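Below is one structure; the comments refer to it alone.
All of the numbers you see were taken from the coordinates with simple rules; none came from a lab. Keep in mind that what you see is a predicted model, and the values were worked out from it rather than measured. Methodologically, a virtual Cβ is constructed for each residue, glycine included, from the backbone with ideal geometry; neighbour enumeration extends over all protein chains shown.
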Amino acid sequence: MYDVLKKIDSPADVKKLNSAELETLAGDIREALFNRLTKIGGHFGPNFGIVEATIALHYVFDSPKDKFVFDVSHQSYPHKMLTGRKDGYIKDECFKEDSGYTNPEESEHDLFNVGHTSTSVSLATGLAKARDLKGGKENVVALIGDGSLSGGEALEALDFAGSELKSNLIIIVNDNQQSIAEVHGGLYKNLTELRETKGAAANNLFKALGLDYVYEENGNDIQAMIKLFQKVKDVDHPIVVHINTQKGKGYKLAEENREAWHWCMPFDKETGQWNVSFPDESYTGLTCGYIMDKAKKDKDFVVITPAMPMTAGLSPDQRAQLGAQYVDTGIAEEHAVAMASGIAKAGGKPLVVTNSTFIQRTYDQISQDVCINNNPVTILLNYASFDGLTDVTHLGIFTIPAFANIPNLVVLAPTSKEEYLAMLDWSVDQREHPVMIIMPGNEVTSRVTDTDFGNVNTSKIERAGEKVAIMALGDFYQRGQELAEQIEKECGFKPTLINPRFASGLDEKMLNGLTKDHRLVLTLEDGVMDGGFGQRVAAFYAASEMKVKNYGLHKEFYDRYDPQELLKRLGMTTEQILTDIEKLI
């Protein structure tokens with residue numbers, strides 16, 4: 001097994017192979033992908049579909065002198081294998097050595113640590129501009145696909161490249177007719193027209209922007225790709241190389257169900273069944289149920305997602321059932337949020353759904369288009385928890401400090417099933433505030449809750465006590481419960497346990513009330529402390545005798561960490577906090 005791949009230590013070794021060996025190498029790469037992905041999961045379809053093109057890239061070009069920029073870089077696994085990192089795929093003990101994205105710390109063949117979409121052409125134009133200023137002659141290659149063209153940054157960069165850049169830039173459009181889910185937007189209608197005419201259609205978006213253009217039907221044919229890349233190598237102007245590929249190629253299940261196999265958990269190769277079990281009830285499932293029920297009852301309700309329907313558990317069938325009450329804007333978060341503001345202004349009830357890490361790109365739209373206008377948009381975010389997504393490019397831990405300080409925006413952090421659904425109900429129907437709701441990342445729990453959150457910034461005292469008050473926000477509420485129980489058991493007094501509910505403001509009346517019979521306030525939050533909820537509490541008590549101790553994450557780009565080990569390193573385990581309490585009181 002891996003007879004050819006085992007001989008590849010650098011791109012120079014790829015160039016030595018004959019045609020038959022190149023084909024064997026493609027098979028070896030797919031087997032190595034299976035070895036890694038069946039055991040630890042990862043991006044499946046994007047990598048299986050780009051194998052031949054990646055081999056051809058390294059056969060023709062001269063990395064790292066020639067520079068490759070992978071959009072999202074979730075299709076860079078074959079590239080990693082050909083640049084000295086094959087052990088991360090063929091040796092189980094080496095899996096942790098490679099991230100799921102390009103990473104300059106791993107190899108000189110990786111230019112950027114990138115995990116968000118639509119960035120490659122912009123980054124590549126920067127590399128090209130710097131090259132020209134320095135008098136260089138190397139090729140700069142941007143590879144973009146999986147729906148990334150629909151992102152505004154990609155369109156801005158294409159517009160710039162076609163009119164302002166007068167030197168070498170090779171933009172490979174990997175057209176596999178798929179985003180994460182299905183593609184949306186007029187741009188993809190043009191790609192379809194170009195595919196159907198083998199690149200000859202008069203209507204050509206890329207040429208309209210001033211770019212040269214070439215099409216290749218056989219994007220999964222190594223020899224065809226080698227000839228194509230040899231043709232465009234050292235070109236003296238920007239050119240789009242449009243290639244037609246099969247997402248998930250080499251695994252029938254992935255070829256036939258591209259959405260389900262964009263990313264995978266560990267699975268059985270023979271059956272395709274994931275080797276993990278899931279709880280009977282999840283917040284994603286609850287979200288899907290809420291959306292489907294709300295849409296049936298309220299014709300003014302509409303769910304909007306920037307190519308992330310699965311983050312709300314919406315299957316293709318359910319999306320079809322929603323009809324006009326479902327909008328996929330493509331990978332265009334800014335447009336999704338601004339569009340939602342327009343819908344809200346006109347009397348509709350928009351719910352924008354995506355992952356926390358992706359909403360970062362909409363700060364301006366949330367601040368300007370939504371909050372200055374105080375339009376009642378609801379933004380629902382998944383994966384904000386510190387133990388959800390742990391890759392450095394997909395962290396949700398910055399959500400609260402990034403958004404909770406925008407005026408008019410109400411940020412809610414639910415702590416149970418009932419509270420979560422009640423907050424959704426209240427937010428979508430009310431007309432007074434723009435609202436952001438952080439979807440819980442814990443296992444589903446049940447607890448009696450309020451149903452009206454119109455009295456903004458009111459916390460809820462779940463257990464009244466003395467001496468120590470624990471303010472446990474959102475996903476860390478259960479940690480607060482555990483801490484309260486241990487304080488009572490080991491310290492001999494009953495602390496107060498508070499569910500803040502609102503991450504964007506303080507219940508000053510309640511905080512003032514705590515000064516009567518409490519000496520210490522502890523804040524627990526699932527996110528970065530700097531600029532977060534706890535620091536707001538500390539600032540409130542700054543001129544008083546109340547002691548405040550904040551617990552949360554540091555302002556740091558954590559990467560592929562073990563969540564429980566991180567808590568211990570930060571002094572946030574129950575035992576460590578108990579030790580702090582003994583010292584403080």
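Spin-label pair His237-Arg431: with each label point 7 Å from Cα along the Cα-Cβ axis, the two points sit 5.6 nm from one another. Close amide H pairs (under 5 Å, H built 1.01 Å from N) link Ile437 with Ile379, Leu380, Leu381, Leu412, residues at least 5 positions away or on another chain. For Lys460, the lysines whose Cα falls under 26 Å of its own Cα, not counting residues fewer than eight places away in the same chain, are Lys417, Lys489, Lys494, Lys509, Lys516, Lys547, Lys549. Using a/c under 1.5 as the rounded threshold, could you call the range 284-371 rounded, prolate or oblate? The axes a ≥ b ≥ c are square roots of the C-alpha gyration tensor eigenvalues, and prolate needs a/b larger than b/c, oblate otherwise. Oblate. Going from the fewest other Cβ atoms within 10 Å to the most, the residues Met529, Met436 appear in the order Met529, Met436. For the pair the range 197-264 / the range 438-452, the C-alpha centres are spaced 46 Å from each other.
Shape of the range 234-335 from its Cα gyration tensor (a ≥ b ≥ c, root eigenvalues): rounded if a/c is under 1.5, otherwise prolate when a/b > b/c, or oblate? Since a/c reaches 1.5 but b/c is at least a/b, the shape of the range 234-335 is classed as oblate. Classify the range 283-438: rounded, prolate or oblate, from the alpha-carbon gyration tensor (a ≥ b ≥ c, eigenvalue square roots; a/c under 1.5 rounded; otherwise prolate if a/b is larger than b/c)? Verdict is rounded for the range 283-438. Residues of the range 531-559 with the amide nitrogen closer than 16 Å to a label point 7 Å from the Cα of Asn405, along Cα-to-Cβ, please. Those under the cut-off are 531-540, 553-556. The H on the amide N of Gly527, modeled in the peptide plane, is under 5 Å from the matching H of Leu553, each at least 5 residues off or on a different chain. Kirkwood's formula applied to the C-alpha pairs of the chain gives a hydrodynamic radius of 25.7 angstrom. Counting only aspartates and glutamates at least 8 places from Lys297 when in the same chain, those with an alpha carbon closer than 20 Å to its own are Asp317, Glu418, Asp425, Asp429, Asp452.
In plain terms, the residue of Glu419, Glu556 with the fewest other Cβ atoms within 10 Å comes first and the most crowded comes last, giving Glu556, Glu419.
Rounded to the nearest whole Hz, the Karplus-based 3J(HN,Hα) values (6.51 cos²θ - 1.76 cosθ + 1.60, θ = phi - 60°) of the range 306-316 follow the sequence x, 6, 10, x, 6, 6, 10, x, 8, 6, x, with x at glycine and proline. Axis of helix 333-345 versus longest Cα principal axis of the chain: the two differ by about 50°, to the nearest ten degrees. Applying 1/(1 + (r/R0)^6) with R0 = 35 Å to the Cβ-Cβ distance of Lys16 and Lys134 gives a FRET efficiency near 0.70. For Asp317, neighbours were defined as the other residues whose beta-carbon sits under 14 Å from its Cβ, and their charges (Lys and Arg +1, Asp and Glu -1) total -1. Cross-link check: pairs Lys252/Lys294; Lys80/Lys568; Lys80/Lys231; Lys80/Lys227; Lys86/Lys134; Lys189/Lys345 evaluated at a Cα-Cα cut-off of 27 Å; pairs beyond the cut-off: Lys252/Lys294; Lys80/Lys568; Lys86/Lys134; Lys189/Lys345. Angle of helix 152-163 to the longest C-alpha principal axis of the chain, folded into 0 to 90 degrees and rounded to 10: 40°. Most tightly packed first, judged by the mean number of other beta-carbon atoms within 10 Å of their residues, the peptides 208-219, 405-416, 450-461, 469-480 read 469-480, 405-416, 208-219, 450-461.
Highest mean packing comes first when the peptides 147-155, 43-51, 236-244 are listed by Cβ atoms within 10 Å, giving 43-51, 147-155, 236-244. The residues Met265, Met423, when put in order of fewest to most other Cβ atoms within 10 Å, stand as Met265, Met423. Expressed as a fraction of 2.2 N^0.38 Å, the C-alpha radius of gyration for the range 460-584 is 1.00.
For the chain, the longest principal axis of the C-alpha atoms and the axis of helix 186-196 are separated by about 30°.
Counting only lysines at least 8 places from Lys233 when in the same chain, those with an alpha carbon closer than 17 Å to its own are Lys15, Lys65, Lys67, Lys137, Lys166. In this calculation the C-beta distance from Arg519 to Glu270 is compared with R0 = 56 Å, giving a FRET efficiency of 0.35. The protection proxy used here, the mean number of other Cβ atoms lying within 10 Å of each residue, ranks peptides 302-312, 320-330, 362-372 as follows, highest first: 302-312, 362-372, 320-330.
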